[in-house]
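Comments concern the structure below.
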Amino acid sequence: MSEHGDVHVSPNSTYFGVFFALCVLTVVTAWVAFYDFGPFNDLVALGIAFTKASLVVLFFMHVKYSGRLVKLIVIASLVWLGIMFGLTIIDYVSREAVTPDPAVVPSPYETFEPKSLSGDGDHGGDAAH
Amino acid sequence: MSAHTDTYDPKVNYLNTDWSIKSWLLTLDHKRIAWLYLVSISGFFVLGGIFALLIRLELLTPQGDLLSPDGYNRVFTQHGVLMIFLFLIPSIPAVLGNFLVPLMCGAIDVAFPRLNLASWYIYTIGGILIVIALITGGVDTGWTFYTPLSSTYANSQVMFVALGVFIAGFSSILTGLNFLVTIHTMRAPGLTWGRLPLFLWGTYATSLINVLGTPVVAITIGLVGAERTLGLGIFDPALGGDPVLFQHLFWFYSHPAVYIMILPAFGVISELISAFSRKRVFGYSFIAASSVGIAVLGFIVWAHHLFTTGMSVYAATVFSALTMLIAVPTAVKMINWTTTMYQGAVKWDTPMLYAVGFLGLFLIGGLTGVMLATLGIDIHVHDTYFVVAHFHYVMVGGAIMGFLGGLHFWWPKMTGRLYPESFSKVSAVLIFVGFNATFFPQFILGYMGMPRRYHAYPEEFQVLNIFSTAGASILGVGYLLPLVYFTWSIVAGKKAPENPWGAMGLEWRIPSPPPTENFVKEPVITDAYDYEHEILKEQIEEIARDEAAAVPSTA
Amino acid sequence: MSTHADSALAHHFESFEQQRTAASLGMWLFLAQELMFFGGLFTCYLIYRSLNSLDFAIASSELDITLGGINTAVLITSSLTMALGVKAAQLAKKNQLIGYLLATILLACCFLVIKYFEYAAKFEHHTVPGQHFEFHVPPDLIEKFELGPERLVQMEKRAEIFFSVYFAMTGLHGLHVLIGIGIAIWLLFPASRGKFNMDYHAPVENFGLYWHFVDLVWIFLFPLLYLLGRNIHA
Amino acid sequence: MIELIKGYLPNILDNLPLLPEQASTIAAEVDLLTLAWTAISFVSGTIVVAVALYFGIRYRRRYATQVGGHETHAPAVEIVSMLIPFVACMAMFVWGTKVFVDMRRIPPDAVEYFAFGKQWMWKIQHPNGLREINDFTIPVDTPIKLTMTSEDVIHSFFIPAFRVKQDVLPGRYTTMWFEATELGEFHLFCAEYCGSEHSYMGGTVTVLSQEDYQDFLNQESPERGSPVSGGRELFTSLACVTCHQEADNARGPSLRGVYGREVQLASGTSVVVDDAYLRESIVNPRAKMRSGYMPLMPTFEGQVTEEQLHDLVSYIKTLDNTNDVAANDDDSSDDSHDSETATSVSAGG
């Protein structure tokens, strides 16, 4: 693993530069959060977060100067996270919602307390008599 | 390593170098840690086996008269938890893996020996917590901990077991991490990736799953615990939480976990078939690549456990197709193992019996797996005994056959003793027959519609259940035998030579049992399966002489 | 023990380089594991927010953006001191290393103290999930989004999910900060004995990686939990 | 002893069917798919095992120093071993998905029924409001759409003879459909593990001819029974039994023999259990909490009528140490269990 042979030492200016950039981006992200960009709200916030994260990973964590294996681990773990997010969400975005007519069937949980379902019917107690 | 040559005493090996209890409990030697694991998982296997026995006895009659419903629920849950989290997942990686990974790498030890010992302690703490749960009332959620049953409704020791599983999970994460680093950085000079024994490829793929998958189940089970104790409501349907999300997260790990159990077994089988055919394994690079391929594919198929939950039809279709892709690398392995025997010099010793038995059983397990991935069939057989039979074929017929095969193969190396070949052959046949008698009827039961986790069942299912229970008793005897003759062999077995099988591989070129430092002289790195190599010639001839001496010629 | 009494090179390694590579690889794999560990929670957040984005936006406006912002700054600063600390260890500058470690510990404590005040406020306002959970949608928002009584009941339940996710994520993150403080204190001992140099500084370097990871998680938690949906008041 | 064992062993030949009855339109489709897969598996499995055994015997080791040959890679073998399973799987995937889509595509003319799962019973509501518990009576040759939800944990509605199964989730509706083709009685199971009495959570699907089904719908609702039997039914259907169990770790106190006894309250005082205390505890459970229990019980105020309240109290009064708490006993036989939980049909809504 010769790519790890020499230890990389960054100059202090790099660290302070990154720190300064992180501070600025934090202020920016907090400030823009109060403005409405329509469908891009999440993208802006996450874009800034990704930029900040990349700065930390590349410079504070020295990935920019690390060997291929470390870079591979970083990329692979992000890909795996992507698999977990991506394949879970495809279920949720494509589920057909079943919402029966509340006049026909008592709705569970949401607007009725759960026990009311069992309470009213089976004995024809309050409803029928 | 050469530095140790001058102090080497051939009578001292890793087992007899120090007899004190402390030297075992505080050992950093990967070979001794393998023993710590072997003893602990055997204990949990026996315990899990007793629960299995109770399940089969209960199901002998349709009425559910041996155990109360709650008692039965506890028994099958505990069977599952013990067998999966405390036996199967650590079995091959932690026992054979710990013993063999450094040996096969030509290294003195794993990369992080202290972490390795810590992993065993973490595993033990997890195990103790689960045992405490068993003693103080048991757990009845099923090993899958589905919410909201586990988070809100269950009335048993869910917290202890959840905590135990959570903690034991970190043991397998750390073991996986250790092996990955070891295989990457500790290989002897000249041991290139293309020369790696296939057992290491299997272990490598397994470790990938351990590191990337296990944390997800840990946090998921952690959330269930938080829901029970702290009142967090992440999966609570009363708040609009989705219990199916729990299942997604749970199976994100627990499906790959099946490959944690089976991939190392694949590695073992590759070694066994090659060694007993004395032939380079067929299509080496395809078997190696398919291990990693299965590990990766294993992560994108989890939702096939959710087809009946009311998940999206489109997502179900995607997952069904992805699942079927796993048939391809698996078939590659099957075919290559078979063709390895072509023009080989096949000897039917006990480990080979296990290997061929594995081939047959895993074939059934794998093919029914693809049937289950077929949407139209899965809807009917999901959560029935068909599924139970399928995963037992994979986990018992696959993983345990692989584990036992490997244990028989490397036992002379681990202990320096030979086990009685006749007994071991009998037990291998008993296990094969008993296993099929136990689980094949369950395929039919499942298709007939008998749901799993049933404590009482309609009468028409009884005949097949009787077959199954009868088979289980044969299987039980089959599993008891190795326990007896292995223990006996440690005390009174014949001394094992360096290489009793005439196998290739670095571990067969050091004394049995190995010295603490593994390699007394710099290991000569060769191709792992070059059976015509000079190095092997002398050893094979020695075996031939021994055999000729043992069997008086009748010709 | 596997380490020789006076050498920092464990006996099963051939060279410092091999040892350092192994340590760094091990740490990165551990971080991959950590990422998946938090990933489970992020998946919960992702699913629930995509299903209930308005509910989450309204619930998140309960959080104190100032305290969250200050905490972000505190963690970023601690990341800087840690990065400088690793450099000091590499260059065998003993006193600098101790100073930076102490600064990191101090900032981490500061983070936890602020977190404590945030949590205390939640307990006071009954926005802690569980039996006593209570959440009331601000009247101006009821009007703005024309929320009917049924939708309000639903929203209060979804708010409990939001706060469950909030406490799970920040709680786990806080636990990591706490563990980090413990490790940093433990590192002070070898640091004060001047054990670290160009050849052997893996413990400090790996702790640095861990600490940056903790910072990274917060970099995402801050916008996801505190910021997204702030503009509903606009 | 032998007699006992004989009693347990049914006639083997009568009881060894290999396929469940095909009683729905989808059943034959599923069976055909399964048989096709079984055939493919059998052929390919047999080939692999036969070849392995042949190689193992044909190339067995003849002398102790023998080593194997050089045939260690053949691209053709690899290509074939990848291509055949890939093609077979994709073909079966398409077929299997087609069957699945048939299962999921609900015919527009399907009649909508409702099913509610709860620990541990199925409650069915017919389109006209008629309700059944654990029995599901349907007309033959009619597409039936079932909309389902659960009141507690996840259950799964499974009719093997129809080859259909659908999980029933709390907080959400799921649907399934089927069309029965055969008259008769079929098993209804809960396939998703749901707690203590999971194996007993099921019943019978009765398929009637169109005329018989009409007769069934038109039948009179049964007369109201005695207060005690009414209370017993309520005790089950309101799920009181879920918490008020005999078990040591039950969530609620056992009610067996509680009437007339003095019990400890959480407040430190004690009270004699009489009609008024039982009533108050149902309507306002937290007013006088028993010591040692969590305040988990929901109020039933407004959920039970005065009449029902009276029935419940009457039933609880009869619970002495010889009387069974409904559905909580360790019944060993299926039949007696069913009679415990199944309540009679009555017209509701």
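The values are calculated or read from the model by the stated rules, or taken from the named source; none is laboratory data. Predicted model only: the values in this text are computed from it and were never measured. So basically every Cβ, Gly included, is an ideal-geometry build from the backbone, and we count neighbours across all protein chains shown.
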Just to check your reading of the model, which residue among B:482, B:458 is crowded, with 18+ Cβ neighbours inside 10 Å and either touching a residue at least 40 places away in the same chain (Cβ under 8 Å) or among the acidic types (Asp, Glu) (or both)? B:482
What are the residues in the range D:175-200 that are under 30 Å from residue C:51 (Cβ atoms) and in a loop (DSSP other than H, G, I, E, B), if any? D:191, D:192, D:193, D:194, D:195
Residue by residue through the range D:80-121, note down the ones that are more than 24 Å from residue D:168 (Cβ to Cβ) and small (Gly, Ala, Ser). D:81, D:88, D:91
Can you give me the number of residues within the range D:268-284 that are among the hydroxyl-bearing types (Ser, Thr, Tyr) and surrounded by 15 or more Cβ atoms within 10 Å (Cβ to Cβ)? 2
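Looking at residue C:88, is it without any contact (Cβ under 8 Å) to a residue 40 or more places away in the chain and of a type outside the set (Phe, Trp, Tyr)? First the steps, then the outcome.
Numbers: without any contact (Cβ under 8 Å) to a residue 40 or more places away in the chain: yes; of a type outside the set (Phe, Trp, Tyr): yes.
Yes.
Specify which of the listed residues (A:72, A:43, A:25) is part of a helix (DSSP H, G or I), more than 7 Å from chain C (Cβ to nearest Cβ) and over 17 Å from residue C:226 (Cα atoms).
On the way: A:43 fails: over 17 Å from residue C:226 (Cα atoms); A:25 fails: over 17 Å from residue C:226 (Cα atoms).
Residue meeting the stated conditions: A:72.
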Subset of the range D:310-323 [at pLDDT 75 or above and either within 30 Å of the chain's Cα centre (by Cα) or surrounded by 19 or more Cβ atoms within 10 Å (Cβ to Cβ) (or both)]: D:311, D:312, D:313, D:315, D:316, D:317, D:319
Within the bounds of the range B:362-383, is there any residue that is outside any helix (DSSP H, G or I), at the interface with chain D (Cβ under 7 Å from one of its Cβ atoms), of a type in the set (S, T, N, Q) and touching a residue at least 40 places away in the same chain (Cβ under 8 Å)? yes
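If a residue must be in contact (Cβ under 8 Å) with a residue 40 or more places away in the chain, assigned to a strand (DSSP E or B) and at the interface with chain B (Cβ under 8 Å from one of its Cβ atoms), how many such residues does the range D:160-174 contain?
1
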Top-ranked residue of the range D:285-299 - restricted to ones that are surrounded by 13 or more Cβ atoms within 10 Å (Cβ to Cβ) and modelled with pLDDT of 75 or more, ranked as farthest from residue D:238 (Cα to Cα): D:291
Of everything in the range C:47-79 that's at the interface with chain B (Cβ under 10 Å from one of its Cβ atoms) and without any contact (Cβ under 8 Å) to a residue 60 or more places away in the chain, which residue is farthest from residue C:142 (Cα to Cα)? C:47
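Can you go through B:292, B:332 and tell me which one is among the β-branched types (Val, Ile, Thr), more than 9 Å from chain D (Cβ to nearest Cβ) and either over 24 Å from the mean Cα position of the chain (by Cα) or not in a loop (DSSP other than H, G, I, E, B) (or both)?
Values: B:332 fails: more than 9 Å from chain D (Cβ to nearest Cβ).
Only one candidate passes the filter, namely B:292.
For every residue, the table says whether it meets (1) more than 10 Å from chain B (Cβ to nearest Cβ); (2) touching a strand residue (DSSP E or B) at 6+ places or on another chain (Cβ under 8 Å); (3) farther than 22 Å from residue B:320 by Cβ.
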| site | (1), (2), (3) |
| --- | --- |
| D:74 | no, no, yes |
| D:93 | no, no, no |
| D:102 | no, no, no |
| D:114 | yes, yes, yes |
| D:128 | yes, no, yes |
| D:132 | yes, yes, yes |
Any residue at all in the range B:203-220 that is more than 9 Å from chain C (Cβ to nearest Cβ), more than 30 Å from residue B:271 (Cα to Cα), touching a helix residue (DSSP H, G or I) at 6+ places or on another chain (Cβ under 9 Å) and touching a residue at least 60 places away in the same chain (Cβ under 8 Å)? no
Looking at (1) within 7 Å of another protein chain (Cβ to nearest Cβ); (2) within 21 Å of residue A:42 (Cα to Cα); (3) of a type outside the set (Gly, Ala, Ser), which is the one condition that is false for residue C:17? (2)
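Is at least one residue of the range C:6-13 more than 14 Å from chain B (Cβ to nearest Cβ) and either over 18 Å from residue A:41 (Cβ atoms) or in a helix (DSSP H, G or I) (or both)?
Let us first name the residues in the range C:6-13 that are more than 14 Å from chain B (Cβ to nearest Cβ), namely C:6, C:8.
The next check asks that each one be either over 18 Å from residue A:41 (Cβ atoms) or in a helix (DSSP H, G or I) (or both); those that pass are C:6, C:8.
Within the range C:6-13 (the criterion being more than 14 Å from chain B (Cβ to nearest Cβ) and either over 18 Å from residue A:41 (Cβ atoms) or in a helix (DSSP H, G or I) (or both)), the answer is yes, since at least one residue qualifies.
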Would you mention how many residues in the range B:230-279 are in contact with an Asp or Glu (Cβ under 8 Å, 6 or more places away or on another chain), assigned to a helix (DSSP H, G or I) and more than 13 Å from chain D (Cβ to nearest Cβ)? 1
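Regarding residue C:154, is this residue modelled with pLDDT under 95, of a type in the set (S, T, N, Q) and not in a helix (DSSP H, G or I)? Show your work before the answer.
Working: modelled with pLDDT under 95: yes; of a type in the set (S, T, N, Q): yes; not in a helix (DSSP H, G or I): no.
Against the criterion (modelled with pLDDT under 95, of a type in the set (S, T, N, Q) and not in a helix (DSSP H, G or I)), residue C:154 does not qualify.
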Anything in the range B:313-326 that is surrounded by fewer than 23 Cβ atoms within 10 Å (Cβ to Cβ) and either within 8 Å of chain D (Cβ to nearest Cβ) or in contact with a Pro (Cβ under 9 Å, 6 or more places away or on another chain) (or both)? List them, or say none. B:313, B:317, B:321, B:325
Exactly one condition in (1) surrounded by fewer than 17 Cβ atoms within 10 Å (Cβ to Cβ); (2) over 30 Å from residue B:185 (Cα atoms); (3) within 18 Å of the chain's Cα centre (by Cα) is false for residue A:75; which is it? (2)
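Among the listed residues D:36, D:52, D:115, which satisfies the condition of being part of a helix (DSSP H, G or I), farther than 19 Å from residue B:360 by Cα and free of Cβ contacts under 8 Å to residues at least 60 places away in the same chain? Please lay out each step first, then the result.
Working: D:52 fails: farther than 19 Å from residue B:360 by Cα; D:115 fails: part of a helix (DSSP H, G or I).
Only one candidate passes the filter, namely D:36.
Looking at B:518, B:465, B:499, which one is touching a residue at least 40 places away in the same chain (Cβ under 8 Å), crowded, with 21+ Cβ neighbours inside 10 Å and in a helix (DSSP H, G or I)?
Working: B:518 fails: in a helix (DSSP H, G or I); B:499 fails: in a helix (DSSP H, G or I).
Going through B:518, B:465, B:499 in turn, the sole match is B:465.
Does the range B:120-139 contain at least one residue that is among the aromatic types (Phe, Trp, Tyr) and under 30 Å from residue C:15 (Cβ atoms)?
First, the residues of the range B:120-139 that are among the aromatic types (Phe, Trp, Tyr): B:120-121, B:123.
Of the ones still in play, those that are also under 30 Å from residue C:15 (Cβ atoms) are B:120-121.
Scanning the range B:120-139 turns up at least one residue that is among the aromatic types (Phe, Trp, Tyr) and under 30 Å from residue C:15 (Cβ atoms).
Yes/no matrix, rows are residues, columns are (1) surrounded by fewer than 24 Cβ atoms within 10 Å (Cβ to Cβ); (2) outside any helix (DSSP H, G or I):
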| site | (1), (2) |
| --- | --- |
| B:191 | yes, yes |
| B:201 | no, no |
| B:204 | no, no |
| B:211 | no, no |
| B:217 | no, no |
| B:222 | yes, no |
Within the range B:537-546, does at least one residue satisfy the condition of being within 14 Å of another protein chain (Cβ to nearest Cβ), in a loop (DSSP other than H, G, I, E, B) and either free of Cβ contacts under 8 Å to residues at least 60 places away in the same chain or more than 26 Å from residue B:345 (Cβ to Cβ) (or both)? no
